[in-house]
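*Asks:* Dropping a structure here in structure tokens format, bear with me for questions.
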Amino acid sequence: MTRVLPAVALRVPTHEDAFAWHRVFDDPDVMEFHGGASAELSVYEELTARQRRHDAERGFCLWTMTDEAGEVIGFTGAQPWERTWGPVGEIEIGWRLGRAHWGRGYATAAARGTLERVEAAGVPSVVAMVDADNTRSIAVTQRLGMELAETFVTPTGRRGHCFRLVF
């Protein structure tokens with residue numbers, strides 16, 4: 001039986017979305033694989049500004065994700081991998097949802113929309129960098145048809161997986 005995915009909308013993040021992201025992600029469960037602690041508002045202000053630049057320059061970014069009612073529930077999208085380790089120079093897709101929205105298919109629905117937009121922008125392949133213990137995100141990569149490309153250890157000593165999808 002095929003699961004019907006919920007309707008989600010993706011839009012370029014506004015400055016006001018920094019406040020929404022800060023609120024939605026202010027949860028230890030949400031941040032478990034992203035440093036473990038809530039980030040300061042200034043982190044989201046910089047992140048949303050960077051995403052607006054990415055969208056203007058590349059045609060894609062980490063978009064603000066809203067549910068059927070228009071409520072901000074997280075983000076999903078793509079951006080260049082900017083660290084000095086891992087898949088340097090590649091485009092990474094990713095997603096993060098507020099805890100209240102987990103398990104409903106939002107991440108998968110939004111990630112599928114991301115893949116369509118990134119492919120339309122001419123990107124030949126994407127990667128998803130996922131903590132080896134993050135079973136929810138690993139399940140999303142599987143639903144997207146991504147394949148495990150490599151297993152790695154981060155500079156902080158965490159074990160992770162790099163999944164890849166070639167268009």
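The values are calculated or read from the model by the stated rules, or taken from the named source; none is laboratory data. Every value quoted in this text rests on a predicted model; they were computed, and no experiment measured them. Positions of Cβ are backbone-derived with ideal geometry, glycine not excepted, and every protein chain shown enters the neighbour counts. All accessible areas refer to the heavy atoms of the entire protein, side chains included, with ligands and DNA or RNA removed. Shrake-Rupley method; radii C 1.70, N 1.55, O 1.52, S 1.80 Å.
*Asks:* Applying the selection to segment 6-54, what residues are closer than 21 Å to Val130 by Cβ, in contact with a helix residue (DSSP H, G or I) (Cβ under 6 Å, 6 or more places away or on another chain) and surrounded by fewer than 17 Cβ atoms within 10 Å (Cβ to Cβ)?
*Replies:* Answer for segment 6-54, where residues must be closer than 21 Å to Val130 by Cβ, in contact with a helix residue (DSSP H, G or I) (Cβ under 6 Å, 6 or more places away or on another chain) and surrounded by fewer than 17 Cβ atoms within 10 Å (Cβ to Cβ): Asp27, Asp29.
*Asks:* Among the residues that make up segment 51-59, is at least one of them under 25 Å from Pro155 (Cβ atoms) and either in contact (Cβ under 8 Å) with a residue 24 or more places away in the chain or over 16 Å from the mean Cα position of the chain (by Cα) (or both)?
*Replies:* Here is the first cut: in segment 51-59, the residues under 25 Å from Pro155 (Cβ atoms) are 51, 54.
Okay, now just the ones that are also either in contact (Cβ under 8 Å) with a residue 24 or more places away in the chain or over 16 Å from the mean Cα position of the chain (by Cα) (or both), so 51, 54.
Checked against the condition, which is being under 25 Å from Pro155 (Cβ atoms) and either in contact (Cβ under 8 Å) with a residue 24 or more places away in the chain or over 16 Å from the mean Cα position of the chain (by Cα) (or both), segment 51-59 yields at least one hit.
*Asks:* Checking Ala110 against (1) modelled with pLDDT of 95 or more; (2) over 14 Å from Val166 (Cα atoms); (3) open to solvent by 60 Å² or more (accessible area, probe 1.4 Å), which single condition isn't satisfied?
*Replies:* Ala110 satisfies every listed condition except (3).
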